[in-house]
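The structure appears below as structure tokens.
The values are calculated or read from the model by the stated rules, or taken from the named source; none is laboratory data. Here the structure is a predicted model, which is why all the values come from computation and not from measurement. Cβ placement follows ideal geometry from the backbone for every residue including glycine, while neighbour counts extend to all protein chains displayed. These accessible areas exclude ligands, DNA and RNA; they are computed on the full protein's heavy atoms, side chains included. Shrake-Rupley method; radii C 1.70, N 1.55, O 1.52, S 1.80 Å.
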Amino acid sequence: MTSEKTFPRTLLVISAHAGDFVWRAGGAIALATARGEHAKVVCLSFGERGESAKAWRAGRTLEEIKAIRREEARNAAAALGAEIEFFDAGDYPLVESQELVDRLVRVYRDTEPDVVLTHPLADPYNGDHPAAARMALQARVLAQAAGYDAPGEPLGAPPVFFFEPHQPEQCDFKPDLLLDITPVFDRKRKAMECLPAQQHMWDYYTDLAKRRGVQLKRNAGPNLGLAHDTMGEAYMRLYPQVTDVLA
Ligand SMILES: [Zn+2]
């Protein structure tokens, strides 16, 4: 059975930890949902071991921290208008497995995404991020195979964009797309504020959005009337853009 598409377009975001999709792709998600599109986030883990230092210092248990981070991520996804699914696969390390890849294939077949966002393939600071990316990419390819045993139709070829890692230069991240997120930046900031476990990131990612906004204006040309306070997110394409018009 082919699942009925009830939304015109779907954005699929595959995130290693609970906060990643917010810092790095919150603007893209909010833009999609503001246009009436469906956005789905798959959170492979809660970042319970590796990205919850504040809760560990406060003496919380692993299960408590997972519950806290789940709630935070759910609130952030709601602030962005996105659906969220948790795989609870564990972090530090996020261990790659065929079972996780198969679960992702089923998400691809079910959601039929038009665009996929995930981590870049290199991150010497955090092995979970490339592990999430490798599984996201492998699942996309398997979901395209007519003979792969999962419900739904074979997937098309949705473009994949890597979102910006925390330290881009070390992750071979060179932006080739700057997304104007000015109209939805307030929603991104609200979503970030749903993550008090990582409060130190709120201003950092606000400042980054300002810098990417300045670069966006520079690349758009000086006379397009873009707002002084243009906010941006940077992305890298994995596959070539397909078009019949150079633009
Ligand atoms: Zn992360």
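A few notes on this one:
- Output for the stretch 116-128, where each listed residue is in a loop (DSSP other than H, G, I, E, B) and away from the ligand (no atom under 16 Å from the Cβ): none
- Among the residues of the stretch 155-176, the one identified as part of a helix (DSSP H, G or I), in contact (Cβ under 8 Å) with a residue 40 or more places away in the chain and open to solvent by 50 Å² or more (accessible area, probe 1.4 Å) is Gln170.
- The lone exception for Asp149 - which of (1) among the acidic types (Asp, Glu); (2) open to solvent by 20 Å² or more (accessible area, probe 1.4 Å); (3) closer than 24 Å to Gly50 by Cβ it fails: (3)
- Filter result for Trp56 (in a helix (DSSP H, G or I), out of contact with any Gly (no Cβ under 9 Å at 6 or more places or on another chain) and within 15 Å of the ligand (Cβ to nearest atom)): no
- Scan of the stretch 177-200 for residues that are touching a residue at least 60 places away in the same chain (Cβ under 8 Å), under 23 Å from Ala34 (Cβ atoms), assigned to a helix (DSSP H, G or I) and within 18 Å of the chain's Cα centre (by Cα), ordered by number: Val184, Phe185, Arg187, Lys188, Lys190, Ala191, Met192
- The set of residues in the stretch 81-115 being in a loop (DSSP other than H, G, I, E, B), more than 16 Å from the ligand (Cβ to nearest atom) and among the aliphatic types (A, V, I, L, M) consists of Ala82 alone.
- Scanning the stretch 23-36 turns up no residue that is in contact with a helix residue (DSSP H, G or I) (Cβ under 7 Å, 6 or more places away or on another chain), modelled with pLDDT under 95 and within 11 Å of the ligand (Cβ to nearest atom).
- Candidates Gly152, Gly147, Gly127: the one that is in contact (Cβ under 8 Å) with a residue 40 or more places away in the chain and either out of contact with any strand residue (DSSP E or B) (no Cβ under 7 Å at 6 or more places or on another chain) or not basic (Lys, Arg) (or both) is Gly152.
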